[in-house]
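The block underneath contains the structure these notes are about, expressed in structure tokens.
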Amino acid sequence: MKIIVIDTIHASLYSRLEENGHVCVDASRLNDNDVFELLAGADGLVLRSRMTLDKAFINRFSHLKFIGRVGAGLEHIDKEFALEKGIAVLSSPEGNRQAVAEHALGLLLTLFNRINTADVEVRKGLWLRKANEGVELQGKTIAIIGFGNTGEAFSRVLSGFQTPVMAFDKYKSGFDSTVVKESTMEDVFESADVVSIHLPYNEETHCLVNDHWLASFKKPVYLVNTSRGNIVDTSALLKALDNGKVLGACLDVLEFETENLKMPPLEELPETANALMKNEKVVLTPHIAGLTAESYEKLSSVLADKIIEAFGHA
């Protein structure tokens with residue numbers, strides 16, 4: 001097969017596919033029109049987040065055998081329509097699940113121990129010990145919403161902290177274990193101290209974390225989101241931070257991101273974004289939870305393996 005790769009990815013995908021007789025073309029530096037010309041004669045497309053593959057795109061290139069997403073989220077690909085057209089849609093969420101899990105933990109520990117704040121203060125010559133008193137993770141009940149690749153990985157990295165871990169997944173069951181307790185959302189609302197979101201973004205999860213959802217918790221909670229920004233209603237979160245329903249938030253993703261995971265200039269962002277960025281109860285990172293040196297390679301190699309499994313040797 002002839003496979004067009006339109007984003008910068010690890011070389012392992014090229015080597016694995018070429019070892020199996022496929023031809024890979026690096027189109028990551030070409031403009032969109034040149035990419036479209038190549039796709040006219042291609043069998044497969046591999047990308048990260050460069051383009052939105054909507055119905056018009058898929059109709060134009062309906063001859064493709066597959067679309068391969070190096071990564072997890074598929075919100076920029078109309079997967080259902082592609083499948084209707086006979087185009088397989090493959091992704092590699094297994095490749096960065098450990099990275100996301102470790103980042104979520106890192107964010108939480110940073111928030112609990114005021115590490116980011118204390119670091120800035122020390123560099124300014126301030127040695128404020130009592131003001132930076134921390135909170136221990138041990139004994140806190142952690143609720144994981146969505147028990148797929150990253151949710152399950154997060155439960156594993158928490159296993160050494162002697163903290164109860166519960167998980168709710170609307171579409172998955174039978175995962176109760178010594179590491180995690182399978183739970184209902186009612187259980188989560190009743191018992192959670194920390195809530196970590198590990199969901200795909202779609203119509204069902206759009207602004208799932210809203211006023212009503214946050215008000216449903218019996219206790220004040222800490223919120224962690226390493227999935228997609230539009231799952232959290234920022235205005236609702238800010239109100240909950242102000243009224244004490246949310247004690248702190250760890251956000252690797254924001255609802256203000258563009259479809260290709262970029263952030264507009266600060267002056268173009270709404271006031272809610274500015275308020276969020278000024279809030280000292282919030283720890284922010286720029287959608288990097290899944291980005292590590294190791295995951296960069298694994299994301300490509302996992303996708304290559306799936307392509308080979310689906311289509312074999314050329």
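The values are calculated or read from the model by the stated rules, or taken from the named source; none is laboratory data. In this text the structure is predicted, and so the values were computed from the model without any measurement. With ideal geometry, Cβ positions are generated from the backbone for all residues, glycine too; neighbour counts draw on all protein chains shown.
Looking at region 79-175, what helices (runs of 4 or more DSSP H) fall wholly within it and have at least 2 residues that are in contact (Cβ under 8 Å) with a residue 12 or more places away in the chain, at negative phi and not hydrophobic (A, V, I, L, M, F, W, C)?
Details: elements: 79-84, 97-112, 115-123, 149-157.
In region 79-175, 97-112, 115-123, 149-157 are the helices (runs of 4 or more DSSP H) which contain 2 or more residues that are in contact (Cβ under 8 Å) with a residue 12 or more places away in the chain, at negative phi and not hydrophobic (A, V, I, L, M, F, W, C).
Just a yes or no: is a residue in region 5-13 at positive phi, part of a loop (DSSP other than H, G, I, E, B) and in contact (Cβ under 8 Å) with a residue 40 or more places away in the chain? Working first, answer last.
If we filter region 5-13 for residues that are at positive phi, which is where we start, we get none.
No, region 5-13 has no match at all.
Quick grid of which residues meet (1) hydrophobic (A, V, I, L, M, F, W, C); (2) over 23 Å from residue 136 (Cα atoms); (3) touching a strand residue (DSSP E or B) at 6+ places or on another chain (Cβ under 9 Å); (4) not assigned by TED's automatic domain parsing to the domain that holds residue 79:
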| residue | (1), (2), (3), (4) |
| --- | --- |
| 161 | yes, no, yes, yes |
| 196 | no, no, yes, yes |
| 206 | no, yes, no, yes |
| 228 | no, yes, yes, yes |
| 241 | yes, no, yes, yes |
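When you check residue 102 against the structure, is it in contact with a Leu (Cβ under 9 Å, 6 or more places away or on another chain) and not assigned by TED's automatic domain parsing to the domain that holds residue 299, yes or no? Break it down into steps so the answer makes sense when it comes.
Working: in contact with a Leu (Cβ under 9 Å, 6 or more places away or on another chain): no; not assigned by TED's automatic domain parsing to the domain that holds residue 299: yes.
No, not satisfied.
Hey, can you tell me all the residues within region 40-94 that are among the polar types (S, T, N, Q) and farther than 11 Å from residue 303 by Cβ? Give the derivation first.
So in region 40-94, the residues among the polar types (S, T, N, Q) come out as 49, 52, 59, 62, 91-92.
Correct list: 49, 52, 59, 62.
I'd like the full set of residues that are under 14 Å from the mean Cα position of the chain (by Cα) and not aliphatic (A, V, I, L, M), limited to region 59-78.
Within region 59-78, the subset under 14 Å from the mean Cα position of the chain (by Cα) is 69-76.
Residues satisfying the conditions are 69, 71, 73, 75, 76.
Looking at region 262-295 only, could you name the residues that are outside any helix (DSSP H, G or I), over 21 Å from residue 114 (Cβ atoms) and among the β-branched types (Val, Ile, Thr)? Before the answer, list the steps.
Looking only at region 262-295, we keep the residues that are outside any helix (DSSP H, G or I), and these are 262-265, 269-270, 279-292.
Checking the rest, the ones that are also over 21 Å from residue 114 (Cβ atoms) come to 262-265, 269-270, 287, 290-292.
Hit for region 262-295 is 292, nothing else.
Taking the residues in region 178-194 that are more than 22 Å from residue 249 (Cα to Cα) and among the β-branched types (Val, Ile, Thr) as candidates, determine which candidate is surrounded by the most Cβ atoms within 10 Å (Cβ to Cβ). Spell out how you get there, then give the answer.
Restricting attention to region 178-194, the residues satisfying the condition of being more than 22 Å from residue 249 (Cα to Cα) are 178-184.
In the following step, the residues that additionally are among the β-branched types (Val, Ile, Thr) were identified as 178-180, 184.
On the way: 178: 6, 179: 13, 180: 22, 184: 10.
Filtering first and then ranking leaves 180.
Which residues, taken from region 19-36, are surrounded by 13 or more Cβ atoms within 10 Å (Cβ to Cβ) and either within 17 Å of residue 90 (Cα to Cα) or not hydroxyl-bearing (Ser, Thr, Tyr) (or both)? Quick ask: steps written out before the conclusion?
From region 19-36, those surrounded by 13 or more Cβ atoms within 10 Å (Cβ to Cβ) are 20, 22-28, 30, 35-36; that's our starting set.
Across region 19-36, the qualifying residues are 20, 22, 23, 24, 25, 26, 27, 30, 35, 36.
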